[in-house]
Amino acid sequence: MARLSVGSVRSVLFLILALLPAAASAANPTTAIDDARLLKADSDTANWLSHGRTYDEQRYSPLDQINDRNVKRLHLAWSFETGLTRGHEATPIVVDGVIYFTGSWSVVFAVDARTGKQIWKYDPEVPKSYAAKACCDVVNRGVAVYKGRVFVGTFDGRLVALDAATGKPLWEKVTVDQSKPYSITGAPRIVKGKIIIGNGGGEFGVRGFVSAYDPGTGNLFWRTYTVPGDPSLPFESDALEKASATWTGKDYWKFGGGGTVWDSMAFDPELDLLYVGTGNGSPWVRHVRSPDGGDNLFVSSILALKPDTGQLVWYYQTTPGDTWDFTATQHMILADLKIDGQPHKVIMQAPKNGFFYVLDRETGKLLSAENYVEVTWAKEVSMKTGRPVEVPGQDFKDGLALVKPTAFGGHNWQPMSFNPKTGLVYIPAQEILGAYRREDNYKFNPGAWNTGTDFNVYSLLTPETVAGHLLAWDPVKQKEAWHHGYALPWNGGTLSTGGNLVFQGTADGRFVAYRANDGAQLWEGHGGTGIIAAPVTYKVGGQQYVAVVAGWGGAFGLAGGEAARSANATPGGRLLAFNLGPSEPPSADAVVKMITGKGPTKDGERLYHKYCAVCHGAGGIAGGAGLPDLRLLKAQTLDAFDDIVLKGSLVENGMPAFDKAITAGDTKLIRGYLDERRKQTLPQQ
Ligand code: CA
């Protein structure tokens, strides 16, 4: 080997300097996210680059380091507290070792994927009065990343671009008429260099639309309305002119009409089609909205749009003339399936109405539809007409109707996943008995709650009338492969992996791994609160992680009354990351090395473990039996530390005085140790 000369050291130094700009950009890994990388997201197995991981939204990762043989060794690698309460519904985005996700109130976080340490936090400061515009909690389902920027839709209707390295806002645009009860809870998508964003508000009376913005400037590229507006004005498109023939009465447009694009999207680059799901009609009750009948296009529909223009190519309406809040905004998955021996490019959806739809995604033609939960409102979906065959009386035109599913849906926004190896779709399904009745003397009240139904019927929600299950559904045979029942509905979205696994969090705060092919439960961890969001998986430092956002809330978490309360959740959102623990216990030699290798124990640590750890836990980590976690003590508790520890001021709580054992000098050392533990545990604020 040649010896390094001074000259070669210089050239090495020069090389290092030349590489510096690249090293600096590594602090902002999303600079490398462009259209080419998004199109190849499937082979980028270490990352989770967009909402559904890939444009087909399968939420399947080929990663298999964690698999059905070793998942029992899965353990918590780290957790990150958001410091926020209310529902946490976000799917994290993972780019080259950094996780970007949202909590409630559209607050965005960037954390280190290996350690869970906070890199930055951005609070868009949504006015809290906007909670009155929330049908279903002040939630947010996540961000999009592209060319060095992170994009979030805020609850008050803004689209904000953040510098991915610092979290500093670069631009923001108001995407809705803020005088109306619009809100944004869905994650933006990046398609062909455009940010696609919709909104919600269908319970209050708004007109649905979806928009495309320029990621660089925030300028609007196009906007497509989903239902017709004021008939005295020109129609925005031929499609809306045709749609207007499916609405009756004079006032429908004054009610807004609904059809909001509040969550689901998918993109097929080959067919050049962007798919969006639309929400319920506004008001819910079709006899109010469109008194002489009509399908009310395009409420509760899947729309295929040209991503460059927003122009409609085809539509499929899952619930014509929807009157139950059976939105078609639920997660859509693109896949290639062999049906009757023939390959088909399909789009699949399990909307709230209880039927699982398989459509040809090129044409929108119905290929099959069967009920995936109990359905009382329709006998079937006719293959001849492509329409549901309604059961008389279930539309509560003339009185109370008991209906399954309900507005909570046989399946709601919680994303499902598709595993191409098992050929199964994993649906967070639920059974909730619903009662619908028209509100007496209903009158549209602009800006207020406007379903037109009598919400007293929600008193029906008791622990006995609800249930949930993880349903493994065969989309080719249109039947169940296996299911795993839960006492409660409103469980988390699903992730499936190449390790033959399905992961799902539950309403009662567990995080569970099942074997994908047969549903055997293989492992269970804990979220500390109800989990409703969908997990993701990624690889960093050679290790596979599974991460999920926990935080009970959302529509059922807030409105479910006694039934929701039985989830027994404690408020507080967090991001949890799990990886594989060691395959076997450490050897005696390794244990000795662990103890001696870390150097002399500091006095604070030694004193803590001598006097405190028997109750408060090794390392200051509370075991969960109700004693406080001493790593997380509040400032006022720390101020009173000596009163508590030496004088016994909290003896009534079971914390006796230790003045016979330790001195004020000792408590100072113990406090120092706990402070060190706090810094190791909490993100830098
Ligand atoms: Ca709705």
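The values are calculated or read from the model by the stated rules, or taken from the named source; none is laboratory data. This is a predicted model, so every value here is computed, not measured. With ideal geometry, Cβ positions are generated from the backbone for all residues, glycine too; neighbour counts draw on all protein chains shown. Please note that ligands, DNA and RNA were not included when accessible areas were found on the heavy atoms of the full protein model with its side chains. Shrake-Rupley method; radii C 1.70, N 1.55, O 1.52, S 1.80 Å.
Things to note:
- Along the range 480-491 the Karplus relation, 6.51 cos²θ - 1.76 cosθ + 1.60 evaluated at θ = phi - 60°, assigns HN-Hα couplings of 5, 9, 6, 8, 10, x, 10, 5, 10, x, 6, 8 Hz to successive residues, with x for each Gly and Pro.
- Counting only heavy atoms of the protein chains and using a 1.4 Å probe, residue 367 has close to 40 Å² of accessible surface.
- Applying the Karplus relation 6.51 cos²θ - 1.76 cosθ + 1.60 with θ = phi - 60° to the range 254-267 yields 3J(HN,Hα) values of 5, 7, x, x, x, x, 6, 9, 9, 8, 7, 8, 8, 9 Hz, where x marks Gly and Pro.
- Shape call, the range 308-376: gyration tensor on alpha carbons, a/c limit 1.5: oblate
- Subset of 40/477; 192/365; 173/397; 72/338; 128/194; 168/421 violating a 32 Å alpha-carbon distance limit: 173/397; 72/338; 168/421
- Note on the range 78-117 and the range 31-64: Cα centroid distance 18 Å, given to the nearest whole angstrom.
- Over the chain, dividing the summed -39,500 (n - 2.57) contributions of all DSSP H runs of at least 4 residues by the number of residues returns a 222 nm mean residue ellipticity of -4000 deg cm²/dmol.
- Farthest positive-ward along the chain dipole, Cα basis, beta-carbon charges - from 375, 31, 197: 31
- Net charge dipole, the range 419-509: roughly 300 debye, given to the nearest 20, about the Cα centre with Cβ charges of +1 for Lys and Arg and -1 for Asp and Glu.
- Using C-alpha pairs under 8 Å with a sequence gap of at least 6, the mean separation divided by the residue count of the chain gives a relative contact order of 13 percent.
- Taking the 1.4 Å solvent-accessible surface of the range 464-622 as the whole, the part contributed by carbon and sulfur is 54%.
- Each Lys and Arg Cβ is given +1 and each Asp and Glu Cβ -1; about its Cα centre, the chain then shows a dipole of about 1600 debye.
- When nucleic acids and ligands are ignored and a 1.4 Å probe is applied, residue 631 ends up with an accessible area of around 40 Å².
- Computed over the range 207-341, relative contact order equals 23 percent, with contacts defined as Cα pairs under 8 Å that lie 6+ residues apart.
- Along the range 269-286 the Karplus relation, 6.51 cos²θ - 1.76 cosθ + 1.60 evaluated at θ = phi - 60°, assigns HN-Hα couplings of x, 5, 7, 6, 10, 9, 9, 10, x, 10, x, 5, x, 10, x, 4, 6, 5 Hz to successive residues, with x for each Gly and Pro.
- Other residues with beta-carbon under 12 Å from the beta-carbon of residue 468 carry, at +1 per Lys or Arg and -1 per Asp or Glu, a net charge of -2.
- Centre-to-centre, using Cα atoms only, the range 614-685 and the range 332-350 are separated by 58 Å.
- Look at where the Cα atoms of the range 540-605 and of the range 229-273 average out, and the two centres are 46 Å apart.
- Partner aspartates and glutamates whose Cα lies under 13 Å from the Cα of residue 404, excluding those fewer than 8 positions away in the same chain, are identified as 325, 374, 390, 395, 431.
- Considering only 462, 476, 489, and ranking their Cα positions along the charge dipole of the range 459-544 that arises from unit charges at the beta-carbon of Lys, Arg, Asp and Glu, the one farthest toward the positive end is 476.
- Sorting the segments 595-604, 87-96 by their residues' average number of neighbouring beta-carbon atoms within 10 angstrom, most packed first, yields 87-96, 595-604.
- Selection from 224, 617, 590 lying farthest towards where the dipole of the chain points positive, charges on Cβ: 590
- Relative contact order of the range 580-646, pairs being alpha-carbon contacts under 8 Å that are 6 or more residues apart, as %: 14
- Cα gyration tensor shape for the chain, rounded if a/c is under 1.5, else prolate or oblate: prolate
- In the full protein context, the chain carries 41 Å² of accessible surface per residue, based on a 1.4 Å probe and ignoring ligands, DNA and RNA.
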